[in-house]
Amino acid sequence: MNCRSHLVDSHCHLDFPDFSDDLDGVVQRAHNCGVTRMVTICTSLTRFDNVAEIAQAYSGVFFAAGIHPHYAETEKQASVEQLCACAQHPKMIGIGESGLDYHYTRESEPAQKLSLETHIAAARITGLPLIIHSRDACDDMADILTHEFRNGAFSCVMHCFSSSAKLARVALDLDFYLSISGIITFRNAKSLRKIFAAVPRNRLLVETDAPYLAPVPNRGKRNEPAFVVDTARSAAQIFNCQFDAFAQQTTQNFDTLFTKAGCWAEGS
């Protein structure tokens, strides 16, 4: 799994209990594999302090914060002001993850949409990229993103993208980014690989979504940031390019989108 090039795991969940007894080892193994930066995602603002503490403890770890659509109804709705205040933390580099998930929580659709609109507003004001979760909600997601972008531009990444070609095109037309997860390595992901093959390389990120979705050859195990190397190797094959070139491109894309992370690196 060793690699010469640096990679970024643009989306993981280091505050989850899966890593509570092994976090130092997880971060070290990532660095050993060339994964020098990670973005750990706060999915509930009740966990903000915990996630910020992890980012503070490791120089290469940054974080984003928001309310996951699963919690849009059960957790108190965040305000734009609250999200903007959170964004003042020097290592918070993104807003979210937010979005729509009708697979498990269709009944909370109104609350999810309201929460998503709030997160979009905060992304506009702060200038931080929005991190979108979308599952079984392609049409509504495409409509909301298009409508909101017309009301005022914002930057965005479609995290762990595994949706339709239509939503991919809408996102790209808005100059958003699509993030590749371990799903791309799964044998039954042929249609998803075809969608990604048509995406410009300068619009791609890679991620683990750890502890979930470990790529082949570790599918079924606890995922961790080091495994983003396996995802990147598979993705490079889709684009018929060398691994080093793909790693360099996705790292450059990360720096272009998450500018605050670059500023931290320059000042640290």
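Derivation of every value follows stated rules applied to the coordinates shown; laboratory data play no part. Worth saying up front: this structure is predicted, and the values here are computed from it rather than measured. Cβ: placed from backbone, ideal geometry, glycine included. Neighbour counts: every protein chain shown.
Laid out as a table, the results:
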{"quantity": "Within straight-line cross-link reach of LYS260, lysines at Cα separation under 18 Å, skipping those fewer than 8 residues along the same chain", "calculated": "LYS91"}
{"quantity": "Shape category assigned to region 147-268 from the gyration tensor of Cα positions, a/c cut at 1.5", "calculated": "oblate"}
{"quantity": "Calculated diffusion of region 1-65, Stokes-Einstein form, Kirkwood radius summed over Cα pairs, 37 °C and 0.692 mPa s, µm²/s", "calculated": "274 µm²/s"}
{"quantity": "Of the chymotrypsin sites (Phe, Trp or Tyr not before Pro) in region 52-83, those whose Cβ has at most 10 other Cβ within 10 Å and which sit in DSSP loop", "calculated": "none"}
{"quantity": "5 angstrom amide H check on ARG37, placed H, neighbours 5+ away", "calculated": "LEU7, ASP9"}
{"quantity": "Kirkwood-based shape ratio for region 26-113, expressed as Rg/Rh from alpha carbons", "calculated": "1.04"}
{"quantity": "Normalised per residue, the volume of the convex hull around the Cα set of the chain (Å³)", "calculated": "116 Å³"}
{"quantity": "Mean separation of Cα contacts under 8 Å (6+ apart) over length of the chain, as relative contact order %", "calculated": "20 percent"}
